[in-house]
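Before any comments, here is the structure.
The values are calculated or read from the model by the stated rules, or taken from the named source; none is laboratory data. Every value quoted in this text rests on a predicted model; they were computed, and no experiment measured them. Cβ placement follows ideal geometry from the backbone for every residue including glycine, while neighbour counts extend to all protein chains displayed. Side chains included, ligands, DNA and RNA excluded: accessible areas come from the protein's heavy atoms. Shrake-Rupley method; radii C 1.70, N 1.55, O 1.52, S 1.80 Å.
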Amino acid sequence: HLVATFHYRNVFLNPMIPSVQMFIYSPDGSRIERYAPIQEKNARADPDYCHVVMGENRVQDMGDHYEVILNMKGAAARLLFRNVVPPWKPGEGFNYKDEENGLTAGWVVPIPHGTVEGSLELEGERMAVTGSGYHDHNWGNFRCHETFKGWYWGRIHHPDYCVDYGWVLPRETGAPVASPLLIGRPGEILLSTDCLALKLRDMRTDEAAKTACAWGLTLRADELGVVFSME
């Protein structure tokens, strides 16, 4: 299992410098982590379509697929992503927008569910890989934790159906929860809504993070002829 994040401006750092992160999880649960700060002169992103270059790392929309190239400290990957479910933009693509102060935060999902093929290299050993993949994109003009205190977010990739969901918790008391939900199947989006109903169950304190989080979720939706239920 591989997770890669391209931060054009890493909002979790101060100052917000460009960086790339890669996490590789093996079947036994062990994790390999790579992190690379990138000099601003070596980081660029096209404003009109997905083409991001950060040092030796790159992600690009090639028309009928996305290409991802990673190379950091003895770990490398070259992967091709192809859509199974069409790209998804929840509503207008914003999960926060304030006309008065000009702050905006957006989220779109170019690949809610896709196929992946390519190669993974660890300490000089290269292996061919295939599997399923996901690609989303966050953007904004402020640090997300200024308005959001946390979120629950996930996805299910099944041969017949795909589910992507979010439950983004506001920092301000009484402010609305952002609750996007996608249900799709190969070649088709069945439901795109912000009317997800989610309940947090079995709250426990995570010892490492020193914060309370749910160990169980109940998700429900009944919109536009689609009835959805998940535990």
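Brief remarks follow.
- Pairs, first touching a residue at least 12 places away in the same chain (Cβ under 8 Å) in segment 1-16, second aromatic (Phe, Trp, Tyr), C-beta under 6 Å, six or more apart: HIS1/TYR25; VAL3/PHE23
- For GLU117, the conditions (1) closer than 24 Å to ASN10 by Cα; (2) assigned to a strand (DSSP E or B); (3) among the acidic types (Asp, Glu) all hold with the exception of (1).
- In summary, LYS210 fulfils each of the numbered conditions (1) surrounded by 13 or more Cβ atoms within 10 Å (Cβ to Cβ); (2) among the charged types (D, E, K, R); (3) closer than 26 Å to THR5 by Cβ with the single exception of condition (1).
- Enumeration of residues in segment 22-35 that are open to solvent by less than 70 Å² (accessible area, probe 1.4 Å), over 23 Å from MET62 (Cβ atoms) and of a type outside the set (Phe, Trp, Tyr): ILE24, SER26, GLY29, SER30, ILE32, ARG34
- In this structure, ILE38 qualifies as farther than 26 Å from ILE156 by Cα and either open to solvent by less than 30 Å² (accessible area, probe 1.4 Å) or not basic (Lys, Arg) (or both).
- Residue match in segment 152-175 (condition: more than 20 Å from THR104 (Cβ to Cβ), in contact with a Cys (Cβ under 9 Å, 6 or more places away or on another chain), surrounded by 13 or more Cβ atoms within 10 Å (Cβ to Cβ) and of a type outside the set (Lys, Arg)): yes
So that you can scan it fast, the table gives a plain yes or no per residue for (1) farther than 15 Å from LEU122 by Cα; (2) among the charged types (D, E, K, R); (3) part of a strand (DSSP E or B):
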position	(1), (2), (3)
PHE23	no, no, yes
GLU33	no, yes, yes
GLN60	yes, no, yes
GLY63	yes, no, no
ILE69	no, no, yes
